[in-house]
Amino acid sequence: LKQAPLFRGLDREATSALAHTMSTIRLSRGAVLFHEGDSGNQLFVVVSGKIKLGRTGSTGRENLLEVLGPGQMFGELSVFDPGPRSTTATAVTATELRCLEHEDLVTWLKDYPQVAQGIMAQLARRLRHANDSVSDLVFSDVPGRVAKALVDLSGRFGEQRPEGTLVHHDLTQEELAQLVGASRETVNKALADFAARGWIRLEPRSVTILDMERVSRRAR
Ligand code: CMP
C-alpha cells in the first residue's frame with residue numbers, strides 16, 4: 001500500500017495517518033463494488049487482489065478498460081468531477097481495498113501537495129494509456145492488441161520464472177476478449193497462434209510469456 005501513488009512522497013508518519021483515515025473493504029470474486037452510472041464520492045486503492053473496470057454498450061456487450069492490481073487507485077473521477085461512475089468495478093479475485101472519503105481527501109490535498117502530485121501522475125498515465133488504446137483499436141489488428149494486452153498485464157502481474165514471465169491474470173477467456181475489444185473466437189485464435197509459435201504457454205487464468213521480445217514486437 002505504501003508504494004501506491006497516493007502515498008508517494010509522504011513520510012512514514014503521514015503515510016500511516018492517511019492509511020488510518022481509510023476504511024477497509026473486502027470483496028469476494030465476482031462481487032461488484034459499484035456500477036457504471038452510480039453516484040460516488042469515494043476513492044479506492046487496491047491492497048491485494050484484482051479489480052476490473054468495465055463498461056457495457058447499448059447492445060449489452062462488455063468492454064474492459066483496465067484490470068488493476070495492488071497499489072493502483074480508482075474512483076477518482078467522480079470524486080474530483082462530481083458525476084456518475086464512468087465504469088463498473090468488479091472484483092476478479094478475492095480483493096482487499098482501502099477507501100478514502102471525499103472530505104478526507106480534500107483535507108489531505110490541502111495539507112500534503114505530494115498527494116495531489118501522486119494522483120495527477122496516475123491520471124496522466126491513465127490518459128496516455130487510454131489514448132494508446134484508442135489508437136490500437138483504430139490502427140492495430142486483433143493479434144497486435146492481444147500481444148499488447150499480454151505485455152500490459154505482465155507489467156502488472158508478471159513474475160519472472162526460469163522459462164519466461166508467468167502472468168497470473170485471473171481472467172476468463174471471455175474477460176480477456178473484453179479487454180482486447182474483440183470476439184472470444186478471434187482472441188483465442190491469436191493466442192493459439194502465439195502458443196503454436198512457442199511465444200507463450202496458455203494455462204487456465206494465466207499465461208507464460210516464453211519469448212517476450214517477439215510478443216513485444218507483435219504489440220508494436
Ligand atoms: P469513477 O468514474 O469515479 O469510477 C470508475 C473509475 O474507473 C474512474 O473513476 C477511474 O478511476 C477508472 N477509470 C475510468 N476510465 C478508465 C480508463 N480508461 N483506464 C483506467 N481507469 C479508468
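Rule-based calculations on the coordinates, nothing more; no lab input. This is a predicted model, so every value here is computed, not measured. Quick reminder, even Gly has a Cβ in these numbers, built from the backbone with ideal geometry, and neighbours come from all protein chains shown.
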Would you please give the residues with an amide H less than 5 Å from that of Q72, counting only those at least 5 places away or on a separate chain, with H modeled from the backbone geometry?
-> V46
Filter the trypsin sites (Lys or Arg not before Pro) in segment 17-124 to those in DSSP coil with at most 15 other Cβ atoms within 10 Å of their Cβ, and list the result.
-> R29, R61
Partner lysines for K148 [C-alpha distance under 26 Å; skip if fewer than 8 residues away on the same chain] = K50, K52, K189
Where the only charges are on Cβ atoms (+1 Lys, Arg; -1 Asp, Glu), what is the dipole of segment 96-140 about its Cα centre, to the nearest 20 debye?
-> 220
Report the net charge of residues surrounding T88, where surrounding means a beta-carbon distance below 9 angstrom and charges are Lys +1, Arg +1, Asp -1, Glu -1.
-> 0
How large is log10 I(q)/I(0) at q = 0.28, 0.31 Å⁻¹ when the Debye formula is applied to the Cα atoms of segment 1-49, each weighted equally and without solvent?
-> -1.17, -1.28
Sort segment 157-203 into rounded, prolate or oblate with this rule: let a ≥ b ≥ c be the square roots of the eigenvalues of the Cα gyration tensor; rounded if a/c is under 1.5, and if a/c is not under 1.5, prolate when a/b is larger than b/c, oblate otherwise.
-> oblate
To the nearest 10 degrees, how steeply does helix 184-196 sit against the main Cα axis of the chain, on a 0 to 90 scale?
-> 70
Once every DSSP H run of n ≥ 4 in the chain is given -39500 (n - 2.57) and the sum is divided by its residues, what mean residue ellipticity at 222 nm do you get, rounded to the nearest 500 deg cm²/dmol?
-> -13500 deg cm²/dmol
Rg(Cα) of the chain divided by 2.2 N^0.38 Å?
-> 1.06
Potential lengthening between L109 and D81 on full extension [0.36 nm per residue; Cα-Cα distance subtracted] = 8.6 nm
Helix 102-111 axis, angle to the chain major axis (alpha carbon atoms, nearest 10°) = 70
Calculated FRET value between R197 and R220, using beta carbons and R₀ = 22 Å, to 0.05 | 0.85
